[in-house]
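Trainee: Supplied in C-alpha cells, the structure appears directly below.
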Amino acid sequence: MTDVVIIGAGPAGLAAATSARALGAHVVLLDSADQLGGQYWRHLPTQRPSKHEAGLHHGWAKFQKLCADLVADPDCRILTQAQVWAITAAESSAGTGPASTGSATTGSACTGSAGTDPATTGASARNSAGSAASTTSAVPTVHVLVGEPDGVGRERLSFSPDAIVLANGAHDRALPFPGWDLPGVFTAGAAQALAKSERIAVGDRVLVAGAGPFLLPVAASLAQVGATVLGVLEANHMQRIISGWGKKPWQLIGAASKGAELAGYARNHIANRIPYLTGRGVVAAHGTERVTHVTTAKLDTGWAPIAGTEKTVAVDAVCIGHGFTPRLELAIAAGCALTAERFVRVDAHQRTTVPGVYAAGELTAIGGVDAALVEGTIAGHAAAGGHLSDPAMKSQVAKRITFSGFARRIEKAHGIRAMWPGWLTDDTIICRCEEVNYGAMCQTAQATESTGLRSLKLSTRAGLGLCQGRVCGRTVEELLACQTPGGLSDGVMTDRRPIAAPVRIADLAAAALPASPGRNSPQTASPSKPSRPTT
Amino acid sequence: MIDDVLVIGAGIVGAACARTFAAAGLQVTVVERGAAAGGTSAAGEGNLLLSDKQPGAELVLAQYSATLWPDTVADLTAELPGTFPSVEFEQKGGLVVATTEPGAQPLLDFAARQSDSGVDARPISTAEALVLEPDLNPAITAAVHYPEDSQVQPTIAAEALLASARVRGVRVITNTRVTGPILSASGDLVGVQTSKGDLHAGHVVIAAGPWSGEVAAALGVNLPVKPRRGMVLVTTRMPHRVFHKVYDADYVGATLSSDAALQTSSVVESTASGTVLIGSSRQQVGFDNRFDVHVLAEIAAKALRLFPFLAGMSVMRAYGGFRPFMPDHMPLIGADPRLPGLWHATGHEGAGIGLALGTADIITALMTGDQPPIDPTPYSPARDSLAPFLDSDDAARLSDASAATADDTADQAAVSGGAA
C-alpha cells in the first residue's frame with residue numbers, strides 16, 4: 001500500500017487526493033487554512049453557511065462532491081490548519097539523532113483517534129513496516145505544525161511517505177506604486193478572499209487595477225458583496241490581449257477566469273455597469289489616514305506611464321493584481337528543478353525531478369482551475385503508482401494536452417512588462433516589512449556595485465522581513481537586476497525559504513527533546529482521522 | 001596586463017587583502033567565481049571575538065585584528081559615499097556563561113589564562129550578569145564578561161572593504177572561475193587560467209575560504225582546507241532584549257574541536273535590524289547544503305537554556321554556510337614554499353571576519369618585505385603542525401622549504417613588490 005502526502009487542498013490537491021484514493025493509496029491531505037478548498041474555493045465558515053455560496057463560485061457542486069467523498073473516506077486523513085514549515089531531503093537527516101533516524105517522527109497525538117500508544121494502534125503496524133522500507137528511498141520528509149497559526153504548542157508531525165504531491169498553489173502579485181502601502185490598498189486576491197470568506201467588501205467605491213483575467217472575478221465578487229466597482233483597469237493594450245489569447249480564445253475561459261464562466265462575468269459587468277479599460281493603470285494612491293483617491297495614467301505597451309494622461313479618481317479602496325507567483329519554497333527545499341520561467345518542472349505524469357515528488361496546479365504554471373484539476377488528478381494517480389495508460393487517465397491526458405500552453409497564452413496577453421518601474425518614485429516603499437524604499441535600494445546597489453542577490457539582500461535589507469520576500473521578492477529581484485550591468489549573477493532566488501513559515505522557537509526546540517515512546521515509533525500516513533475538516 | 005597580485009576570492013579576506021595590497025602600491029586584480037561577498041562572508045554572524053580564543057597564535061592575530069577595526073571602519077566611512085550602507089560595527093561586548101556545575105570552573109580557568117594573555121576577561125557574579133542581560137536565565141553557574149568582543153554586518157563589511165579596494169584602483173572580476181595555473185619556464189606560478197581567459201600576476205593569493213582546497217587543486221597543490229557547515233536561525237524583529245553576544249561556554253569546546261559529527265552550542269545576539277541571531281552548529285558534511293531539521297531543533301533548544309523568553313518568539317529564516325576548517329585549527333597565511341608565487345590567506349574557520357584585517361596586514365608585509373606586525377611563522381604553510389595533513393611528497397617539500405628562512409621569502413617578495 002502506498003502512502004501519499006498531498007500538500008494543499010485547493011482544486012489540484014483535492015483532485016490528487018481523490019485519484020490517489022481511487023487507486024487505494026493511503027492519503028494524508030494537508031492544508032494550512034481552516035477549511036478545504038484553497039484560495040479558489042474559499043468560502044464562509046461552516047458555522048455560518050450560505051445558500052448563495054454556489055453563486056460566488058464556479059464549480060461549487062464539484063467542490064462539494066470532492067470534499068464530501070474525501071471527508072467520508074477513512075483512508076484519507078485530512079489535516080487542516082496544518083502548516084508545512086519544512087521539507088528535508090531524506091539523506092540529510094539520516095543518522096543524526098533520535099528524532100530523525102526513522103522514516104517519521106511524530107508527536108504522540110499523531111496516532112490520533114486510534115490511540116496514542118503505538119502498541120495498541122493496529123492501524124500503525126502496517127505503517128511501521130511500510131515506512132521502514134521507505135527509509136531507503138529518496139522521498140523527502142515533510143515537517144508539519146498543526147494548530148492555530150499563532151497558537152502556543154502546535155502539534156508537530158513529520159511524514160516520510162512513499163510519494164508527495166505538491167499542490168500549494170500561488171499567491172497574487174502586486175507591483176508597488178507610490179502610496180501602495182496606504183490602508184485601503186489591497187491585493188486583488190486579498191479583496192476577493194474577504195468577499196468570499198467573510199462577505200465583506202473592502203470599500204464602497206473601489207477601483208480594480210493591474211493585469212490579467214483574474215481582475216474580472218475580483219470585480220464581480222466585490223460587486224456581489226455590495227461595493228461600487230468604479231472600473232477595471234487592465235495595463236495591457238487590447239491588441240496585445242487579443243494576440244496573446246490567440247486562436248480559440250474560448251478555450252482559455254476556464255483558465256483565464258480561474259474557472260468562472262466569462263459569460264457570467266460579462267453579465268455581471270453589464271448589470272453592475274463596470275467599465276473595463278485597457279492600457280491604463282493606477283500609478284499612485286493618495287491619502288493620509290487611508291486612500292482617498294488614486295492617480296491613473298495611460299500606459300504604453302511596455303507599461304511606462306504616459307505623461308499628461310493622468311486622471312484622479314476618488315476611491316475608498318483600490319485592489320491591485322499583476323498576476324501570480326507560485327509558492328516555490330517547498331519544491332525548492334525538496335530539491336525540485338525549476339523551469340526557465342521559474343515554475344516547478346514536471347513531466348506528463350506531473351513528476352518533478354525528485355523521485356517520489358509530484359507537483360500540480362499553479363506551481364507548474366498559472367493555468368487556472370481546470371488545468372489544476374486535471375494536473376491534480378494525474379499527479380494523484382501517478383503518486384499512487386498508476387500509469388498514464390490506465391483507462392481512467394485517458395480523458396485526463398487528453399485534457400492536459402488541451403490545457404498545455406494556456407498559461408503561456410495568458411502570460412503573453414497579460415504578463416508584466418519591463419517599463420513599469422517608470423511609475424516609481426524614490427520614496428516608494430518596495431519592501432514593506434523592512435521599509436526599504438526604491439531610492440535607498442538603488443543607491444545601495446550602485447554604491448556596492450554588487451552583482452549578487454545574496455549580498456544585495458543583506459546590504460539593502462529588501463526581502464529580509466517577516467514575509468521573507470513573498471510580497472516583494474520578485475519585484476526586488478527585478479529592480480536590483482536593473483541596477484546591475486549584466487543582471488544579477490549569483491543564481492540566488494528570493495523563492496528559496498528553507499523555513500517555509502515562521503516557527504515558534506518552543507515548537508522548534510521540542511523536536512530536539514528525547515523521544516517519547518509515542519514519538520519514536522515510526523508512523524507515517526496513519527489512516528486515523530484526528531482532525532475533521534470544516535467544509 | 002600583468003598585475004603584481006591576483007587575489008582569488010572576493011569574500012572578506014580577499015577584499016581586505018586586496019585593499020592593503022593596493023594601499024602598499026601594488027597593482028591588484030580580484031577574481032571571484034560568483035558574486036562578491038556571496039559565500040562564507042554572507043553566512044555568518046559577523047563575530048569579532050577574543051572570548052572564544054585560547055591563548056596562542058590565533059588569539060594574537062585576533063587581538064591584533066581587533067585593534068584595527070575601529071580605525072578601519074572610520075576610514076571606510078570616510079572613503080565611501082554617504083549612500084554606502086553602514087557596516088554596523090559595534091563593540092557590544094561578549095558574555096560567556098556556564099550552564100552546568102561541571103562547566104563553571106573550566107570557564108573561569110580559561111578566562112584566567114586569557115587574562116594572562118592580555119584579554120579583558122572579567123569573571124562576574126550572576127547578579128552582575130543579570131544587570132548586563134536582564135532576560136538571561138538566572139540558573140547559570142559562572143559568567144565572564146569580555147568587553148572587547150565586537151560585531152559587524154559581515155556582508156556589508158566585505159563589500160565595504162572591496163569598494164575601498166576599488167577606490168584604490170583594484171580591479172574586481174566576478175563570475176570567473178580559476179581553472180588552472182600559468183607556470184613560468186622555471187615552474188613558478190605567474191598567473192592563472194580562468195573560465196574567461198588568462199590572468200597574469202607576480203603573486204597569486206588564494207583567499208577562497210572553504211573552497212580554497214578546490215582552487216589549490218586546480219593550481220596543482222594539495223591543501224587540507226575542508227568545509228565545516230554551520231547553521232544560524234533568525235527570529236522575527238523584536239524589541240531589543242539581548243544586549244551582548246551571549247554564549248554558552250561549550251561553544252569554545254566546539255570551535256576547538258575537530259569532530260566531524262554534529263556539534264551545537266548556543267550563541268545568541270541581536271542585530272541592528274532588530275532580529276536575533278541564534279547559532280550555532282558545526283558539522284563536517286562536505287558541501288552538502290541540505291537542510292536538517294534536527295540541527296535547527298538542537299540549536300533552538302540550547303538557546304532556550306540561555307534565554308527562556310525566546311520560547312515565545314518565532315524563527316522566520318535560517319541560513320547555512322561553510323567555514324574553512326583547518327585540521328590544526330590555525331589560519332593559513334603566507335607563501336606556499338611548494339609553488340613559488342603562490343600565497344594563502346584562508347583557513348580561518350569561523351573567525352574570518354574578525355581575522356581578515358590582521359591577515360591582510362601580515363601577508364602584505366611578507367609580500368613587500370616589511371616587518372610583519374606580529375610573528376607570522378605560526379600561520380605559515382610550512383608549519384610543522386600541518387605536515388601530517390599533507391600528502392607525503394608535499395610534507396617533504398614543505399619541510400625542506402621551511403629550512404629556508406622567512407627572510408628569503410620576504411626578500412624574494414620584496415624584489416617583485418619593489419618592481420611594481
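The values are calculated or read from the model by the stated rules, or taken from the named source; none is laboratory data. Not measured: the values here are computed from a predicted model. Ideal geometry is used to build each Cβ from the backbone, glycine not excepted, and the neighbour counts take in all protein chains shown. All accessible areas refer to the heavy atoms of the entire protein, side chains included, with ligands and DNA or RNA removed. Shrake-Rupley method; radii C 1.70, N 1.55, O 1.52, S 1.80 Å.
Trainee: Out of everything in the range B:85-107 that is more than 23 Å from the chain's Cα centre (by Cα) and touching a residue at least 60 places away in the same chain (Cβ under 8 Å), what residue ends up being nearest to B:Ala272 (Cα to Cα)?
Mentor: Only one residue fits best here, namely B:Val97.
Trainee: Looking at A:Gly486 and the list (1) within 27 Å of A:Thr296 (Cα to Cα); (2) open to solvent by 30 Å² or more (accessible area, probe 1.4 Å); (3) within 11 Å of chain B (Cβ to nearest Cβ), which single condition is not satisfied?
Mentor: Unmet for A:Gly486, out of (1) within 27 Å of A:Thr296 (Cα to Cα); (2) open to solvent by 30 Å² or more (accessible area, probe 1.4 Å); (3) within 11 Å of chain B (Cβ to nearest Cβ): (1).
Trainee: Quick check on my filter: what residues within the range A:449-477 are among the acidic types (Asp, Glu) and free of Cβ contacts under 8 Å to residues at least 12 places away in the same chain?
Mentor: Within the range A:449-477, A:Glu449 is the sole residue that qualifies.
Trainee: Still on this structure, please answer the following. Please note which strands (runs of 3 or more DSSP E) are completely contained in the range B:298-348 and include at least 1 residues that are within 14 Å of chain A (Cβ to nearest Cβ).
Mentor: Filter on the range B:298-348 gives B:314-325.
Trainee: Further, regarding this structure: Out of B:Ala318, B:Ala261, B:Ala311, B:Ala297, I need the residue that is free of Cβ contacts under 8 Å to residues at least 24 places away in the same chain and open to solvent by less than 10 Å² (accessible area, probe 1.4 Å). Which one?
Mentor: The unique qualifying residue is B:Ala297.
Trainee: Another question, then. Of everything in the range B:18-39 that's in a loop (DSSP other than H, G, I, E, B) and more than 14 Å from chain A (Cβ to nearest Cβ), which residue is surrounded by the most Cβ atoms within 10 Å (Cβ to Cβ)?
Mentor: In this case the residue turns out to be B:Leu26.
Trainee: Could you list, ordered by first residue, the pairs with Cβ atoms under 7 Å in which the first is in the range A:492-504 and more than 21 Å from B:Leu310 (Cα to Cα) and open to solvent by 30 Å² or more (accessible area, probe 1.4 Å) and the second is of a type in the set (Lys, Arg) and at pLDDT 90 or above, at least 6 apart or interchain?
Mentor: Going by the 7 Å Cβ cut-off, the qualifying pairs are A:Val492/A:Arg454.
Trainee: Working only within the range B:265-281, note down all residues that are more than 9 Å from every other protein chain (Cβ to nearest Cβ) and either surrounded by 17 or more Cβ atoms within 10 Å (Cβ to Cβ) or under 13 Å from A:Ala506 (Cβ atoms) (or both).
Mentor: Selection gives B:Ser265, B:Ser266, B:Val267, B:Val268, B:Glu269, B:Ser270, B:Thr271, B:Val276, B:Leu277, B:Gly279, B:Ser280, B:Ser281.
Trainee: Say whether the condition of being in contact (Cβ under 8 Å) with a residue 60 or more places away in the chain, in a helix (DSSP H, G or I) and surrounded by fewer than 24 Cβ atoms within 10 Å (Cβ to Cβ) is met by at least one residue in the range A:373-384.
Mentor: No, there is no match, as no residue in the range A:373-384 is in contact (Cβ under 8 Å) with a residue 60 or more places away in the chain, in a helix (DSSP H, G or I) and surrounded by fewer than 24 Cβ atoms within 10 Å (Cβ to Cβ).
Trainee: Which residues, taken from the range B:155-165, are under 14 Å from B:Pro81 (Cβ atoms) and within 7 Å of another protein chain (Cβ to nearest Cβ)?
Mentor: Answer for the range B:155-165, where residues must be under 14 Å from B:Pro81 (Cβ atoms) and within 7 Å of another protein chain (Cβ to nearest Cβ): B:Ile156, B:Glu159, B:Ala163.
Trainee: Next question. Would a scan of the range A:476-484 turn up a residue that is part of a loop (DSSP other than H, G, I, E, B) and modelled with pLDDT under 95?
Mentor: There is at least one residue in the range A:476-484 that is part of a loop (DSSP other than H, G, I, E, B) and modelled with pLDDT under 95.
Trainee: Out of A:Ser459, A:Ser450, A:Ser455, which single residue is within 10 Å of chain B (Cβ to nearest Cβ), assigned to a loop (DSSP other than H, G, I, E, B) and closer than 19 Å to B:Ala37 by Cβ?
Mentor: After applying the criteria, what remains is A:Ser450.
Trainee: Can we say B:Asp259 is at the interface with chain A (Cβ under 10 Å from one of its Cβ atoms) and either closer than 30 Å to B:Asp384 by Cα or at pLDDT below 90 (or both)?
Mentor: no
Trainee: Give the residue, chosen from B:Val87, B:Val96, B:Val60, that is over 12 Å from B:Ser150 (Cβ atoms) and either open to solvent by less than 20 Å² (accessible area, probe 1.4 Å) or part of a strand (DSSP E or B) (or both).
Mentor: One residue alone meets the criteria, B:Val96.
Trainee: Hey, could you check the range B:282-294 for residues that are open to solvent by less than 50 Å² (accessible area, probe 1.4 Å) and at the interface with chain A (Cβ under 7 Å from one of its Cβ atoms) and say which is nearest to A:Gly335 (Cα to Cα)?
Mentor: My answer is B:Phe291.
Trainee: Follow-up question, since we're still on this one. Take the range A:336-369 and flag every residue that is surrounded by fewer than 21 Cβ atoms within 10 Å (Cβ to Cβ) and closer than 17 Å to A:Met393 by Cα.
Mentor: Across the range A:336-369, the qualifying residues are A:Asp347, A:Ala348, A:His349, A:Arg351.
Trainee: So A:Cys433 passes all but one of these: (1) over 22 Å from B:Ala157 (Cβ atoms); (2) more than 9 Å from chain B (Cβ to nearest Cβ); (3) without any contact (Cβ under 8 Å) to a residue 60 or more places away in the chain. Which condition number does it fail?
Mentor: (2)
Trainee: Sticking with this structure for a sec: Hand me the list of strands (runs of 3 or more DSSP E) wholly inside the range B:106-175 holding 1 or more residues that are touching a Gly at 6+ places or on another chain (Cβ under 8 Å) and not aromatic (Phe, Trp, Tyr).
Mentor: Where strands (runs of 3 or more DSSP E) fall fully within the range B:106-175 and carry at least 1 residues being touching a Gly at 6+ places or on another chain (Cβ under 8 Å) and not aromatic (Phe, Trp, Tyr), they are B:142-146.
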